[in-house]
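Remarks on the structure that follows.
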Amino acid sequence: MTEVRSSSTGGRARAPTELAIRRLSRYDLHCLAVETPARPIHIGILAVLDGTSLLDPAGHLPLADIRRELDGRVAGVPELRRVVFHPGHLAGRPLWVDDHDFEIARHVTEAQLSPPGDDEALLELAERLLAPPLDRSRPLWRIWFVTGLAGGRVGVLVALHHALADGQTAMRMVRALLEPPMGLAGPGSRQPAPEPPPPWGALVRDSIEGTASSALWLARPATWRLVAGVVRSFRLVSALAREAPVTSLNAPVGPRRRLATLRLDRADVKRVARAHGCGVNDVVLGLVTGGVRALLGARGEPVALLRPRVGIAVALFGTSHAGEAGNGIGTLHVPLPVPEPDPGARLSIVAAERAQAKGSPLVAVEPVLRAWFGRIGAVRRSMEHQRLVNLAETYLPGPPVAIDILGARVLDLLPIAPLAGNLGLSFVTLSYAGRLAVTVRADADQFPDLDLLTAAMERDWRALAGSVAPGPICGAPARTGT
């Protein structure tokens, strides 16, 4: 008899022939629940390649060869073959199962720019491609190879649903799929037979066992001490839930987006950080603060009185399983020193505020809040009316040296974060080969003045870097809107 094991902790011993029950985590379910047709919850990764080795002599992309190659590689990233399956109430939470009708052509396609396409046109195209939600009846990812760029370059745009992976896991999956050169999969590579879904009875048994395990957990004295701590934390959350100031930064997100980028030399950023006794991400947060200060000031809002709060995504330990994709995300809530006019002084304040936020119980309690709102079906409403933060920020460590995609050198690598609820402004920083790419994504209708923000970030960076690092400074932002 085939046994079924649960991917949750505390399951019984695993036999070699067991089928896995891969339940979606609470955060995975949150990502699905908060999504709307106008607000897809994608993680985007945009790479620009030297297309010399990838394009044929006529400048055409060998898409059929690429599809065959990637079809053989998907077996090594099994998460990319899985779809969301809803087994029914008695059988417990939804789970990931193999797509029995997987076709690589549904996920890997070509998009063309009118040559010679520039960086602005590429960003605009990326926003158009990322606009619609992914088809939930299929594995939640897509890749577009973009041709028509000037200089023989090729763009590669990857979209993965946030329910499938968090930012760091997404980078791991994309590299495993795309980084090896062409030809490694072999011409005879085939997808393995899809794993059958666990039988309904096994799912019901797993759900009952999980409920029983929860009941036993509740019977322990240590659990109630933990519950008492959670109650105290919830009281703190209630006190802080409306601490984020009311500003024009928060409004329900619409369907249109804008992208802008700021590229920095990482060595220069580290020199600035050392000079001010802070970290690399503190420098980025300082630039974000200056940009928000300029934006709100131009809108006539009282910057001398405002301390907007940024939600910084952080990984939580012990929330995912070894070898499995998924999400284990908490949030630091950090007030930004917008009233401070001096860029250098801001860094010290930001660093102190971020260090203090790491000890806040909000980091651990917020995932519980997400799960609770999910249980009562109020995820979207809670996100659209939340007052915990005014904007979002993420820092992702990327490859320290230049990498190749399908044998082609990656010239540039940009992260693209989703927008949800009433958070229409997001910053994601990705390190790559000695550089930092800060991608600013905003609701196009709420932020027609986004150029004011990016210009202020650039001015502050030049002032900071010029004071500690001699020579020319990288960091001119590329701006575009859709």
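Laboratory data are not the source of any read-out in this text; all were calculated from the coordinates shown. Keep in mind the model is a prediction, meaning the values are calculated, not measured. Cβ coordinates were reconstructed from backbone atoms using ideal geometry, including for glycine residues, and neighbour counts include every protein chain displayed.
Going by average Cβ neighbours within 10 Å, how do the peptides 45-52, 33-40 rank, with the highest at the top?
Put in order of decreasing packing, that is 45-52, 33-40.
Mind giving me the nanometre distance, one decimal, between the label points for residue 150 and residue 175, set 7 Å out from Cα along Cα→Cβ?
3.1 nm
Rounded, prolate or oblate: pick one for the stretch 112-151, where a ≥ b ≥ c are the square roots of the eigenvalues of its C-alpha gyration tensor, a/c under 1.5 means rounded, and failing that, prolate if a/b is larger than b/c, else oblate. Kindly include the intermediate steps, with their values, before the conclusion.
Numbers: a/c = 4.05, a/b = 2.41, b/c = 1.68.
Judged from the Cα gyration tensor, the stretch 112-151 comes out prolate (a/c at least 1.5, a/b above b/c).
Subtract the Cα-Cα distance of residue 299 and residue 404 from 0.36 nm times their separation in residues, and report this length gain in nm to one decimal. Numbers along the way, then the final one.
Working: separation 105, 0.36 × 105 = 37.80 nm, distance 4.36 nm.
My answer for the length gained is 33.4 nm.
Would you pull out the residues with amide H under 5 Å of residue 386's amide H, same chain only if 5 or more places away, H placed 1.01 Å from N?
422
For a quick protection proxy, order the peptides 138-148, 60-70 by their average other-Cβ count within 10 Å, most packed first. Intermediate values should be presented prior to the final figure.
On the way: 138-148: 22.0, 60-70: 16.1.
Order by mean packing, descending: 138-148, 60-70.
Counting alpha carbon pairs within less than 8 Å and at least 6 residues apart, what relative contact order, in whole percent, applies to the stretch 4-201? Spell out each step's value before the answer.
Details: 300 pairs, mean separation 61.2, N = 198.
Computed over the stretch 4-201, the figure is 31 percent.
Name the residue farthest towards the positive end of the dipole of the stretch 4-201 from the options 48, 131, 171, assuming +1 on Cβ of Lys and Arg, -1 on Cβ of Asp and Glu, about the Cα centre.
171
Could you give the spread of the C-alpha atoms of the stretch 4-201 along their three principal axes, from largest to smallest, in whole angstroms?
57, 41, 26
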